Amino acid sequence: MSPQTQNTGPAVNEYEREPVPAAAQKGWRSFLGMYAGEHTAGTEFVIGPLFVAHGVGAFDFFAGLILGNILAVLSWGLMTAPIATSKRMTLYYQLERICGYKMVSIYNVVNALMFCFLAGSMIAVSATAVGIPFNLTMPTLTTWLPTSVGWVLVVLLIGFLTTLVAIKGYNQVARFANVAAPWMILIFMAAALAILPELGVTRFSDFWAVANKVIWTGIPLEGVSKFSFWHVLFFAWFCNMAMHIGMSDLTILRYAKSWKYGFLSFSGMFIGHFIAWISSGILYAAFLQSSNFSTEFAPGPIAYGAAGVAGAVCVVVAGWSTANPTIYRAGLALQGVFPKMKTWKVTAWVGAVTTIAACFPALVMKLLDFVALYGLVLMPMGAVIFADFYLSPRYGITQEMAYNRNISFSYATFFTWLITLAVCLGLNLGFGIDIFFLGLPGWFIAVFTFLILSKTIYPKGKEALV
Amino acid sequence: MKILLIIISYIGLAMSIVPSVLVFLGKIDMQTNTTLMAVGMVLWFGTSPFWINKKTDKDNAADN
C-alpha cells in the first residue's frame, strides 16, 4: 500500500474545481503502470514480515491475499471508478460540494495527520537500512521508543533531507519514482528467490512444504497475536480503503477514459500486495532462521542479508519514495486549511511532525494496525460520496447538498463521521472486534446514518434546519 | 546513443534478477549474486533516467 506517488504530481494536478475535459483524459497504460508502481513501496517491506510474525498459516496467507486483493480491485472498479469518471472531480472538491468547505477543512487536517504518520513509518524503515554501516541498534517487534541517540540522529537526518526534497523538487521525485519502480519490483523477487535455498527450497516443488513448515507456519512469534485467514483477507481488502471505498482515488481516476480502468488496480494488488508481500515474508522467515528467531525487526538488515547493497538501497529508495510524496501531499491538504501560509512553510511543519513521529519505531511495529486505522478513519467520507451519488435521489435527498443549498458545514456529514467512528470504537472496545474487521460494518453504518441525518436535518424543498 | 542506454539499462535489470535465479539453481554463490546485483543497480540507475521518463511522457501523449 502506498499513497499516490506517480504521474499524479502537480504538473498534471489541474482541474481542481472543474470536471476533467475529454482532451485531458488518459488511456489505460498510464493507470496500469501507475498502480503497479504505486503499490510496490516501502510499506511492503514491513507488511509481508508482519504477517509471518503474526503466525499466519500458508494456506490462510495465500487464500486471504488472493480473495482480499480481488475484493480490493472490485472496490476500485465498481465503486470508485464509476463515480470518478461520471463526476471527473477531485475528492476534495467532490466532498466540498456535498458537505461544505468548512467540513472539508476538518477532513484535510485528519488526512494530513494520517499522511504524517505513514510517512514517518517509511522514514523509520529507511533508517534501518541507512543505519547498517553505523552498526545502529535496530528496533525489535516490541520496541516503541527510540532505540538510541544514533537512531534518532539517523531519523532526523533522513527526515530533514526528505522534507527538503519535498519542499524543493517534487517533480524530480516523481520522475525518480518512475525509474525506481521496475527495479524495486525485481529486487523484491530476486532477493526472495536467492534466499529460498537457505530455507530448504531447491526446486519449486519443495516450496509449498517449506512454506508451511518454515515461513507461514501458523505459529506467531512470542508476544505477538495470532492472525487468521480473515485477518489477511480483510487487511488485503482494506489496507487501501482510504483510496477505493474512501474515494481518495477519485482524484486519479477522474482522468480515466473509461470506468473500467478501475480494474487496472489489479496490477498494484497482484505485484505489490501479492508478490512483494510474499517476497518480504520469505526474507523475514530466512532472517528468523539465521538469527535463531531474533525479535529484531529491521527491513534494512533483512534485505541486506538477502541482496547485499542492492537490497539495502532498495529499502532506502522504497521508504524514501513513499515518504516524500506523502509529506508533499500532507502539505497540500493542510494548505487548503491555511491558504495564507506559504507552501514551503506548511511542508516544513509537516516534515517536522513526520520526522518526530519517525523517531518512534512503534509506527513500524504497529503498521498493520495503523494502516487499518487510516482507512477506517477516512472511510466514512467515501461512504458519504457513494450515498450521495447513488442513493440520495432515490430517497428524496438533495444531491451535492452543500453546493446546491449553499451550506458551508454539513452537520449530516459531520455527525455521520462521528457516529460511524464512535460505533466502530464501541465494537472494538466493547465486543473485542479487531480493527481489521470494522471497515465493513462501518461502511453500512456510515451510509445509513448519512441518509437518515440528511433526510432529517436537510429536508428537500425546505430551508436547512441547522 | 539512446538505444545503447536502453540496452545497458535492460542489462542492469537482468543483472538484478538473473543471478538470483542462478543462486536458486545452485550455479553461483550468494556473494557473487550480491555483487552482480549491485552492478546491475548501478547500470540501471546510471542509464534509465536518461530515457525512461521521456518514454513515459511519450506514452502519456500517445494515450491522450
Inter-label distance for A:L429 and A:L164, nm, one decimal - labels placed 7 Å from Cα along Cα-to-Cβ: 4.4
Expected 222 nm ellipticity per residue - DSSP helices of 4 or more, -39500 (n - 2.57), all of chain A, to 500: -20500 deg cm²/dmol
What lysines could a cross-link reach from A:K26, if we take a straight Cα to Cα line under 17 Å and drop same-chain neighbours fewer than 8 places away? A:K87, A:K257, A:K260, B:K54, B:K55, B:K58
Highest mean packing first, using Cβ neighbours within 10 angstrom, the peptides A:117-126, A:224-233, A:360-369 sort as A:117-126, A:360-369, A:224-233
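Based on other C-beta atoms within 10 Å, arrange A:D60, A:D388, B:D29 from fewest to most.
Taking fewest neighbouring Cβ atoms as first place, the list is B:D29, A:D60, A:D388.
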Local electrostatic count, A:G55, Cβ distance below 15 Å [Lys/Arg +1, Asp/Glu -1]: -1
Counting partner chain Cβ atoms within 10 Å of every residue's Cβ in A:301-308, what's the average? 3
For A:H244, A:H54, which order do you get if you count the other beta carbons within 10 Å of each Cβ and list the fewest first? A:H54, A:H244
Backbone N under 17 Å from the A:S408 label point (7 Å along Cα→Cβ), restricted to the stretch A:303-344: A:336-340
Hey, what angle do you get for helix A:28-38 against the long axis of chain A, alpha-carbon based, 0 to 90 degrees rounded to 10? 50
How far is it, in nm, from the label point at A:K213 to the one at A:T295 when both lie 7 Å from their Cα along the line to the Cβ? 2.8
Computed label-point distance, nm, for sites A:L145 and B:V42 using a 7 Å Cα→Cβ extension: 4.4
Across A:184-195, the residue-averaged tally of Cβ atoms belonging to other chains within 10 Å stands at 6
For the stretch A:289-435, averaging the sequence separation of alpha carbon pairs under 8 Å that lie six or more residues apart and dividing by its residue count, the contact order in percent is 13
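Bear in mind these aren't lab numbers, they're just calculated from the coordinates by the rules spelled out. In this text the structure is predicted, and so the values were computed from the model without any measurement. FYI the Cβ positions are ideal-geometry reconstructions off the backbone, even for glycines, and counts take in every protein chain you see.
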